[in-house]
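Visitor: Supplied in structure tokens, the structure appears directly below.
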Amino acid sequence: MSNVVKLPATSTMTVEMALDHAKDRGLTECIVCGYDAGGELVVYSSRMDRQNALWLVEAAKDWVRDA
């Protein structure tokens with residue numbers, strides 16, 4: 001995972017800023033998850049089934065632990 005760019009975590013980054021950063025990276029696959037205004041979990045993914053989405057989520061968990 002040497003191609004992962006670790007950005008500093010910030011509580012001031014907006015949804016638009018986060019999505020713009022993601023779009024600038026030229027991603028081939030992604031998962032977008034967050035909470036809507038009513039507090040409901042919302043999840044979207046690109047071109048992947050739930051199994052591959054799980055692998056991506058697990059990789060994200062590892063990234064958080066190593067940060």
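The values are calculated or read from the model by the stated rules, or taken from the named source; none is laboratory data. Only a predicted model underlies this, so the values are computations on that prediction, with no experimental measurement involved. Backbone-built Cβ (ideal geometry, glycine too); neighbour counts: all protein chains shown. Calculation scope for accessible area: heavy atoms of the full protein, side chains included, ligands and nucleic acids excluded. Shrake-Rupley method; radii C 1.70, N 1.55, O 1.52, S 1.80 Å.
Visitor: Along the Cα→Cβ direction, 7 angstrom out, place labels at Arg47 and Asp62. What is the inter-label distance in nm?
Guide: Distance between label points: 2.3 nm.
Visitor: Quick one: length gained pulling Cys33 to Met17 fully straight, 0.36 nm per residue minus the C-alpha distance?
Guide: Length difference between fully extended and current span is 4.3 nm.
Visitor: Heavy-atom accessible area per residue, the chain, 1.4 Å probe: how many Å²?
Guide: Details: 6150 Å² over 67 residues.
For the chain, the solvent-accessible area averages 92 Å² per residue.
Visitor: Which value at 222 nm does the chain reach when only helices count, each DSSP H run of 4 or more adding -39,500 (n - 2.57), with the total divided by all residues and rounded to the nearest 500 deg cm²/dmol?
Guide: -13000 deg cm²/dmol
Visitor: While we're on this one: Quick one: with all protein chains in place, what share of the accessible area of the chain is carbon or sulfur, to the nearest percent (1.4 Å probe)?
Guide: Carbon and sulfur atoms account for 58 percent of the accessible area of the chain.
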